[in-house]
Each structure stands twice: as structure tokens, then as C-alpha cells.
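A.B. asks: After the C-alpha cells below, expect a handful of questions from me.
Laboratory data are not the source of any read-out in this text; all were calculated from the coordinates shown. All of these numbers come straight from a predicted model, not from anything done at the bench. Cβ atoms come from the backbone with ideal geometry, glycine included; neighbour counts cover every protein chain shown.
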Amino acid sequence: MRGHEGGRQSGRESGREGRRRAPLGSAELGAEPGERASLVQFSSAFCQPCRATRRILAEVADMVDGVAHIEIDAERNLDLVRSLGVEKTPTVFVLDGAGRIVRRGVGMPRKADVIAALGAAVGAGGTPAHETT
């Protein structure tokens, strides 16, 4: 997925591939994850790009059975924000069906990039891929 940094579009690899963490489940996310994959969005109240991101992720989640869109208020979930290294909103994580992070993006994503990342999560057969920002 591509993201924005400092107002510019960025497609850089994050270098976080080696960082392993426990899968995210309903206890951490505050909602039931999707059976096949989850699109997890960290937002804040006055974040204009978060609104557009919400629409994009909801549309993509509605296109594929077993995919959930979960929006998390970054300001109310600071422990999770810190543990995942979320520094800007919107930040989007694509999780596979087991709750493992498959992709990560910062900024408003393009719909095509979300679909591609979701394809990697659903088609990965449970094998985590790389993360991008």
C-alpha cells in the first residue's frame, strides 16, 4: 500500500518485515475481525483524510465476503497506537484471517492499493507478506 508522509505520496518499504508481534484479535481491536481478513484503520477526530479512508475501506470490505473494516480512535487507544508504532492518522493495517499484519500504510490509500493488499492477505494462505508505508 502507498501512503503519505509530510503531504507527499510515499511507496517506500517500511523495513518492519522482521518485526514479529502476536496476532491481533477482538480484544485488541475492540471489534470482531473478519474471517478472511481485516482492514484496520487508526483515525482521529479532526483528520480529514480519515473520512475518505473510511469510505474507501468500507467499500472494499463490502466487496469481499469475510472481510471486516475496523476503525479505531487513535486518541482513545494510546496503548495499541504505541505498540503498533502508529505516528500519523490515518494509518491502515491489513490483517490476514489469523490476525497477522500483512500490510501497513500511512495516509489516505488508493482503492486499487487496498484491493491489492487485501488480495495479498486473503491469498497469502496464512503466510505474512511485507509491510509498506
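A.B. asks: In nm, what is the difference between 0.36 nm times the number of residues separating A31 and S83 and their Cα-Cα distance?
C.D. replies: The span from A31 to S83 would gain 16.9 nm if fully extended.
A.B. asks: Compute the signed sum of charges (Lys and Arg +1, Asp and Glu -1) over the other residues within less than 10 Å, Cβ to Cβ, of G97.
C.D. replies: 0
A.B. asks: About the Cα centre of segment 52-109, what is the dipole size in debye to 20, counting +1 per Lys and Arg Cβ and -1 per Asp and Glu Cβ, all else neutral?
C.D. replies: For this selection, approximately 220 debye.
A.B. asks: A98 to R21: extension gain in nm, 0.36 nm per residue of separation minus the Cα-Cα distance?
C.D. replies: 26.5 nm is the gain from fully extending A98 to R21.
A.B. asks: Of the peptides 100-112, 44-56, how do they stack up when ordered by the mean number of other Cβ atoms within 10 Å, highest first?
C.D. replies: So the peptides 100-112, 44-56, ranked by packing, come out 100-112, 44-56.
A.B. asks: Next up: Based on the Cβ-Cβ distance of D65 and S44, what FRET efficiency does E = 1/(1 + (r/R0)^6) give at R0 = 25 Å, to the nearest 0.05?
C.D. replies: For D65 and S44, the calculated efficiency is 0.25.
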